[in-house]
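Here's the structure, in structure tokens; my notes come after.
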Amino acid sequence: MKKLLLILLFPLLSDSNVAEDVYICNSKNATKYHKKEFCRGLGACKKETKKVTLKEAKDLGLTLCGWED
């Protein structure tokens with residue numbers, strides 16, 4: 001019974017079901033997203049930084065910052 005319960009609950013515990021938040025520079029020239037709010041790559045941002053979901057960042061065409069891969 002415990003195995004059956006774990007099998008049924010596993011998809012609920014998986015990270016893939018949780019929206020991952022990332023940080024972006026709120027600029028039209030931004031090309032990267034950042035996993036850490038105080039990433040070194042965000043230091044060049046002249047505008048405000050914004051917290052968005054990973055999906056939103058990718059939909060904007062942003063890619064992962066080189067300091068974080």
| request: Mind listing whichever residues of region 27-48 are at pLDDT below 95 and among the hydroxyl-bearing types (Ser, Thr, Tyr)? | output: 27
| note | Within region 45-69, the count of residues that are exposed (fewer than 10 other Cβ atoms within 10 Å of the Cβ) and among the small types (Gly, Ala, Ser) comes to 2
| Can you name every residue in region 42-69 that is more than 12 Å from residue 21 (Cβ to Cβ) and in a helix (DSSP H, G or I)? | 42, 43, 44, 58, 59, 66, 67, 68
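The values are calculated or read from the model by the stated rules, or taken from the named source; none is laboratory data. Just so we're clear, the structure is a prediction, and the values are computed from it rather than from any experiment. Ideal geometry is used to build each Cβ from the backbone, glycine not excepted, and the neighbour counts take in all protein chains shown.
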